[in-house]
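Asks: Input: one structure, supplied below.
The values are calculated or read from the model by the stated rules, or taken from the named source; none is laboratory data. Note that the structure is a prediction, hence the values are computed from the model and not measured. Don't worry about glycine lacking a Cβ; one is built from the backbone with ideal geometry, like all the others, and counts go over all protein chains shown. Note: accessible area is taken over every heavy atom of the protein model, side chains too, but ligands, DNA and RNA are not part of it. Shrake-Rupley method; radii C 1.70, N 1.55, O 1.52, S 1.80 Å.
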Amino acid sequence: MPKLTLQVRTHDNLLELLAQSESAAWVVAEEKVEKITHIQVVNFEGTQMIEAIFDRNASYRRDDDRLVVKFLDGYIMNCSVQFDGQNPVHYI
């Protein structure tokens, strides 16, 4: 299966997200969930991110259909990521 990475942009504190192994609830297309293998949670400035393995079994949908993204083996790394437009969710 080819690797599909879910990339999200957040104002949340990356250290706190890393400690929880979880990111906020996102609008993620249902047909993409089965294909996602990795996740990148990028800080709003695009200078640091969590890179991790997507934990499909622990992730879940809330009543509003947003996906609470759980992850494994995450770590924070420096990066240079540009987000064009308002959409905080990308698939790469």
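Asks: Give me the number: length gained by fully extending Asp73 to Glu45, i.e. 0.36 nm times residue separation minus the C-alpha to C-alpha distance, one decimal in nm.
Replies: 7.8 nm
Asks: Is the C-alpha gyration tensor of the chain telling us rounded, prolate or oblate? Criteria: a/c under 1.5 is rounded; beyond that, a/b larger than b/c is prolate, otherwise oblate.
Replies: rounded
Asks: Which far-off residues, 5 or more places away or on another chain, put their amide H under 5 Å from the one on Ala52, with H placed in the peptide plane?
Replies: Ile39
Asks: Shifting gears a bit: Taking Cα pairs under 8 Å and at least six residues apart, what relative contact order does the chain come out at, in percent?
Replies: Numbers: 187 pairs, mean separation 34.7, N = 92.
With pairs under 8 Å counted, the relative contact order is 38 percent.
Asks: Taking the Cα centre as origin and putting +1 on Lys and Arg beta-carbons and -1 on Asp and Glu beta-carbons, what dipole magnitude results for region 15-67, to the nearest 20 debye?
Replies: On the way: 6 positive and 11 negative charges, 22 e Å.
Around 100 debye, computed over region 15-67.
Asks: Any idea which of Phe44, Val69, Phe83 is furthest toward the positive side of the dipole for region 44-86, if Lys and Arg beta-carbons carry +1 and Asp and Glu beta-carbons -1?
Replies: Positive-end residue among those listed: Val69.
Asks: Considering only DSSP beta bridges with both partners in the chain, what is the antiparallel share in %, to the nearest 5?
Replies: Restricted to the chain, the bridges split so that about 75 percent are antiparallel.
Asks: Would you mind calculating the gained length between Phe83 and Ser21 on full extension (0.36 nm times residue separation, minus the Cα-Cα distance), in nm to one decimal?
Replies: Result: 20.0 nm gained on full extension.
Asks: Whole number in Å², please: accessible area per residue of the chain, 1.4 Å probe, ligands, DNA and RNA not counted.
Replies: 60
Asks: List every residue whose amide H lies under 5 Å from the amide H of Val69, counting only residues 5 or more places away in sequence or on a different chain, with H placed 1.01 Å from N in the peptide plane.
Replies: Answer set, sorted by chain and number: Ser23, Trp26.
Asks: Also: First select every other residue whose beta carbon is under 11 angstrom from the beta carbon of Ile53; then total the charges, Lys and Arg +1, Asp and Glu -1.
Replies: 0
Asks: Give the carbon-plus-sulfur fraction of the accessible surface of the chain in %, rounded to a whole number; probe 1.4 Å, heavy atoms of protein chains only.
Replies: Percent of accessible area from carbon and sulfur atoms in the chain: 48.
Asks: Something else now. About the Cα centre of the chain, how large is the charge dipole given +1 on each Lys and Arg Cβ and -1 on each Asp and Glu Cβ? Please answer in debye to the nearest 20. The partial results should precede the final answer.
Replies: Numbers: 9 positive and 14 negative charges, 38 e Å.
Taking the Cα centre of the chain as origin, the dipole is about 180 debye.
Asks: Based on Cβ point charges of +1 for Lys and Arg and -1 for Asp and Glu, what charge dipole magnitude is obtained for region 49-92 about its Cα centre, in debye rounded to the nearest 20? It would help to have the intermediate numbers written out before the result.
Replies: Numbers: 5 positive and 7 negative charges, 22 e Å.
For region 49-92, the charge dipole is close to 100 debye.
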